[in-house]
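Below you'll find the structure, written out as structure tokens, and then a few comments.
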Amino acid sequence: MIVVEAKSFAQVAAMTSDCRRLLVAACAGCTAVCGVGGERQAEELADALRLHARLRGKVLETEVRGVTRQCEPEFVAEFAPAMGRAEAVLTLGCGVGAQFLAERYPNVPVLPGVNTRFAGGLTAPGVWEERCRLCGDCVLHLTGGICPRTRCAKGIMNGPCGGAAGGFCEVGGGSPCAWLLIWERLERLGRAGVLDEIGPPPDWSDAQAGPRRSGKGGGAE
Amino acid sequence: MRGVSGLARLLGAGHFVVTCEVGPPKGVNVDGLTEKAALLKSFVDAANVTDCQTAVVRLSSIAACVHLAAMGLEPVVQMTARDRNRIAVQSDLLGAYSLGIRNVLCLTGDHQKFGNHPGAKGVFDLDSVQMVEMVRRLGAPGEFQCGEPVCGEPPVFFVGAVENPCAEPLELRVRRLEKKIRAGARFVQTQCVYDLDRFRHFMGLVRARGLHEHAHILAGVTPLKSVRMARFMRDAVAGVYVPDEVVARIEAAADPAAEGVAMCVEQIAALREIEGVAGVHIMAVAWEAIVPEIVRRAGLYPRPADDEPKDRNR
Ligand code: SF4
Ligand code: SF4
């Protein structure tokens with residue numbers, strides 16, 4: 001799923017400081033699962049922003065609305081009545097949701113309430129870890145199901161580099177060296193021979209050519 | 001006549017070669033660089049010029065190589081995958097060749113996080129193995145990575161790579177080295193060796209696969225200058241393995257720098273005895289001035305003459 005983090009309250013307060021009628025748009029998708037963008041968090045944030053405004057002698061009206069997914073037009077349409085009343089919208093959806101809002105409601109400023117971080121999964125209670133960089137050219141079949149583009153700090157295909165020490169990546173952060181994990185897993189599978197082939201350079205031609213598009217069921221020929 | 005790598009010629013002739021490392025200045029004044037070249041040129045067969053080592057901005061490696069060559073020192077240009085995509089690597093190497101540089105060492109490179117611009121975008125478009133293959137193909141069959149032919153004379157570099165002989169798992173290191181050699185590496189400079197037993201074991205695995213017959217392996221050494229440096233190398237330098245006994249020896253010495261030099265000379269003597277080691281690569285980080293003494297005391301002076309014309313700047 002898409003992992004997001006809340007922006008600091010100070011940032012959000014600064015962003016919304018000249019607004020008098022604010023819509024806080026929640027999303028029940030990934031960002032709600034992250035404990036950041038659901039309706040409850042939106043209510044809490046709206047309360048805090050109103051209080052903050054009051055303490056500064058200002059008046060802020062807020063309205064909270066949530067939809068199932070901000071990344072789909074039919075759900076985004078549900079915001080229409082509330083949008084009509086708002087001066088600006090603070091969205092707790094991911095960057096995709098925020099852009100869908102901006103597209104559909106061209107006259108309402110869209111303010112991001114979260115930082116959209118990465119595609120990841122839960123690795124410990126309350127901890128999400130990045131597992132895919134969405135490169136569009138998946139090599140997991142060559143790497144034992146462990147993604148080097150994401151989990152190796154250098155994203156290299158023929159690791160480990162010279163810096164791995166004690167099983168950990170030289171770049172730190174307590175991450176295991178992805179290439180040692182790949183090696184161990186391929187050994188266990190009896191497929192370490194795969195590593196004797198030169199891993200191919202990545203093909204970025206699709207990933208860096210503007211927004212990618214895909215039809216239902218994917219488009220790989 | 002085409003310019004050919006002097007380093008390749010010496011190794012091909014079976015000489016036990018000595019290379020060293022030179023760090024370019026953090027600015028545009030090359031006086032220090034030319035001083036180092038004057039000091040080193042009769043004691044080493046070639047000098048690597050580091051490429052923004054530890055991700056700190058320095059004078060470009062190619063430019064520094066040209067200065068060294070002008071002083072009569074054979075340069076090895078280091079090229080990291082950290083800073084250049086495949087277009088820039090190939091372009092820079094065409095430039096380097098046109099300026100007479102014939103040796104290139106392909107490295108993945110230290111992560112930008114360690115340097116003086118930690119917020120920079122690391123490129124890592126290719127890794128070192130892919131880069132070795134690309135550079136080999138530039139020379140033969142003379143084509144770019146995309147498959148298009150290079151116009152005119154292909155740049156035939158003497159291509160090098162690095163390996164870390166003391167990092168676990170050893171077997172994986174050897175397999176990776178084999179891959180680099182198959183990709184086209186003709187010389188290999190190793191990370192610095194302080195644990196000779198581990199290194200002997202590594203070389204045993206290298207010989208078992210016959211790798212030393214396809215590439216010249218130069219063992220890396222770094223003289224320890226002080227107790228602080230010994231501890232730093234042991235504790236903080238990614239990829240370097242320094243046994244506690246080595247640190248203890250420096251700690252116990254009345255003159256740590258002299259002890260470090262003595263130890264380095266002993267290491268070279270031991271390395272010369274190991275079958276398949278074709279030379280030593282002295283990485284005297286910020287202590288290049290000690291290299292002549294080490295080379296002399298290791299019995300590696302004078303260096304063999306390389307009389308063949310290099311015809312660099314045709
Ligand atoms: S290779 Fe890695 S980044 Fe690319 S699609 Fe596969 S998992 Fe994602
Ligand atoms: S230590 Fe391992 S994970 Fe880290 S950059 Fe090197 S190869 Fe990649």
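The values are calculated or read from the model by the stated rules, or taken from the named source; none is laboratory data. Model, not experiment: these values are computed from the prediction. Positions of Cβ are backbone-derived with ideal geometry, glycine not excepted, and every protein chain shown enters the neighbour counts. These accessible areas exclude ligands, DNA and RNA; they are computed on the full protein's heavy atoms, side chains included. Shrake-Rupley method; radii C 1.70, N 1.55, O 1.52, S 1.80 Å.
A few remarks follow.
- Hits in segment A:123-151 - residues which are part of a strand (DSSP E or B), away from ligand 1 (no atom under 16 Å from the Cβ) and either open to solvent by 50 Å² or more (accessible area, probe 1.4 Å) or touching a residue at least 12 places away in the same chain (Cβ under 8 Å) (or both): A:Val127
- Any hit, segment A:113-122, residues being charged (D, E, K, R) and more than 10 Å from ligand 1 (Cβ to nearest atom): yes
- Residues that are of a type in the set (Val, Ile, Thr) and out of contact with any Ser or Thr (no Cβ under 9 Å at 6 or more places or on another chain) within segment B:20-48 comprise B:Val28, B:Val30, B:Thr34, listed in sequence order.
- Residues (within 8 Å of chain A (Cβ to nearest Cβ) and closer than 26 Å to B:Pro75 by Cα) located in segment B:153-175: B:Val162, B:Glu163, B:Asn164
- Of all the listed residues (B:Pro169, B:Pro141), the sole one being more than 18 Å from the chain's Cα centre (by Cα), surrounded by fewer than 16 Cβ atoms within 10 Å (Cβ to Cβ) and at pLDDT below 95 is B:Pro169.
- When residues of segment A:193-207 are limited to those that are facing chain B (nearest Cβ under 8 Å) and open to solvent by less than 60 Å² (accessible area, probe 1.4 Å), the one nearest to the chain's Cα centre (by Cα): A:Pro202
- Residue match in segment B:247-263 (condition: surrounded by 15 or more Cβ atoms within 10 Å (Cβ to Cβ) and within 14 Å of another protein chain (Cβ to nearest Cβ)): no
- Hits in segment A:48-68 (condition: within 18 Å of A:Ala32 (Cβ to Cβ) and hydroxyl-bearing (Ser, Thr, Tyr)): A:Thr68
- Matching entry among A:Arg149, A:Arg85, A:Arg117, A:Arg133 (being among the basic types (Lys, Arg), out of contact with any Leu (no Cβ under 9 Å at 6 or more places or on another chain) and more than 14 Å from chain B (Cβ to nearest Cβ)): A:Arg117
- On the stretch given as segment B:126-166, residues that are touching a helix residue (DSSP H, G or I) at 6+ places or on another chain (Cβ under 8 Å), closer than 27 Å to B:Leu211 by Cα and not basic (Lys, Arg) total 25.
- Selection status of A:Gly155, assigned to a loop (DSSP other than H, G, I, E, B) and more than 8 Å from every other protein chain (Cβ to nearest Cβ): no
- Of the helices (runs of 4 or more DSSP H) that lie entirely inside segment B:221-307, those containing 2 or more residues that are modelled with pLDDT under 95 span B:227-236.
- Some residue of segment A:168-189 being more than 22 Å from the chain's Cα centre (by Cα), more than 10 Å from every other protein chain (Cβ to nearest Cβ) and farther than 28 Å from B:Asp110 by Cα: yes
- Residue tally, condition in a helix (DSSP H, G or I) and touching a strand residue (DSSP E or B) at 6+ places or on another chain (Cβ under 6 Å), over segment A:1-28: 1
- Scan of segment B:204-233 for residues that are open to solvent by less than 80 Å² (accessible area, probe 1.4 Å) and out of contact with any Leu (no Cβ under 9 Å at 6 or more places or on another chain), ordered by number: B:Gly204, B:Arg207, B:Gly210, B:His212, B:Gly220, B:Thr222, B:Pro223, B:Leu224, B:Ser226, B:Val227, B:Met229
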